[in-house]
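The values are calculated or read from the model by the stated rules, or taken from the named source; none is laboratory data. Because the structure is predicted, anything quoted here is derived from the model rather than measured. Cβ placement follows ideal geometry from the backbone for every residue including glycine, while neighbour counts extend to all protein chains displayed. For accessibility, only protein heavy atoms count, side chains too; no ligands or nucleic acids. Shrake-Rupley method; radii C 1.70, N 1.55, O 1.52, S 1.80 Å.
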Amino acid sequence: MDIQATLGSDIAMAFDECPPHPCGYDYAAKSLALTLRWAERCRRWTQGREHRPALFGIVQGSVFEPLRREAAEALARMDFEGYAIGGVSVGETEAEMMQAIEWSEPFLPPQKPRYAMGLGMPPQMIELVARGIDMFDCVLPTRIARNGTAFTAAGTLNLKNAPFASEKGPIEEGCDCYACTEFSRGYLRHLIKSEEILGLRLVTLHNLHFYIRLMERARCEIEAGTFENFRRRFVAGYKPHGEGE
Ligand SMILES: [Zn+2]
């Protein structure tokens, strides 16, 4: 906590253990007890301090419903500035991941931000927003950009693939990022194939832009009362393996 304050973090995460997957109930229960003790110590550290980061507690509890609930309720009593759901996307199935969120979220205070740690694919994020999640962080948009893979609303494109060589259009029609307004798929493919680092930078810019725009869109749809319709259309239109793969 001292280090976080010295760094000038706006948001600090309470110390926690992310249990491995799979792990047994006994391990998960013991691990959660430790995480809750650490959360309390981190919370105590913030008391009476004027200049300090906002502190988020982290819900753990692996794939076990009673532990997820216990974690969320105990953290809610400690009254953090926000709440993260951790121990997700650690090798479990998507169904198990959604379940872990569903078991945690109802017990978190509705007026505080909720953050799903380390997620996810675009349709997963929309599904998580539908389950009450407000915040995300993920390496995916930058990591897969470095493999030459771009996100679009229809799925991912692997720009290394041969058919893109002659394509004059942008990564995604209508995208207003720098890569899409200035460069064609064919030229981006050329840059990536010739190992010119600019190619990977441009795909990275596009992917980050895509994620930011997706979240902006989700906010607008929620405000307009049309989120459910948007969610259905977006998830149905997104192919896990896009046209380029
Ligand atoms: Zn773009």
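State which residue is nearest to the ligand (Cβ to nearest atom) when the search covers only the range 164-179 and only residues that are in a helix (DSSP H, G or I), within 16 Å of Gly199 (Cβ to Cβ) and open to solvent by 30 Å² or more (accessible area, probe 1.4 Å).
Tyr178
Can Phe210 be described as surrounded by 20 or more Cβ atoms within 10 Å (Cβ to Cβ) and within 14 Å of the ligand (Cβ to nearest atom)?
So Phe210 passes the test.
Within the range 45-55, does at least one residue satisfy the condition of being surrounded by fewer than 21 Cβ atoms within 10 Å (Cβ to Cβ), of a type in the set (Val, Ile, Thr), at pLDDT 95 or above and touching a strand residue (DSSP E or B) at 6+ places or on another chain (Cβ under 7 Å)?
yes
Among the numbered criteria (1) surrounded by 15 or more Cβ atoms within 10 Å (Cβ to Cβ); (2) under 21 Å from Val129 (Cβ atoms); (3) touching a residue at least 12 places away in the same chain (Cβ under 8 Å), which one does Phe183 miss?
Condition (2) is where Phe183 drops out.
Among the residues of the range 84-139, write down those that are within 16 Å of Arg213 (Cα to Cα), part of a loop (DSSP other than H, G, I, E, B) and either open to solvent by 40 Å² or more (accessible area, probe 1.4 Å) or touching an Asp or Glu at 6+ places or on another chain (Cβ under 7 Å) (or both).
Met121, Asp134, Cys138
Every residue, every condition in (1) farther than 30 Å from Gly155 by Cβ; (2) within 22 Å of the chain's Cα centre (by Cα); (3) of a type outside the set (A, V, I, L, M, F, W, C), yes or no:
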{"position": "Ala12", "(1), (2), (3)": "yes, yes, no"}
{"position": "Ala29", "(1), (2), (3)": "yes, no, no"}
{"position": "Leu36", "(1), (2), (3)": "yes, no, no"}
{"position": "Phe64", "(1), (2), (3)": "yes, yes, no"}
{"position": "Ala76", "(1), (2), (3)": "yes, yes, no"}
{"position": "Met98", "(1), (2), (3)": "no, yes, no"}
{"position": "Ile101", "(1), (2), (3)": "no, yes, no"}
{"position": "Gln111", "(1), (2), (3)": "yes, yes, yes"}
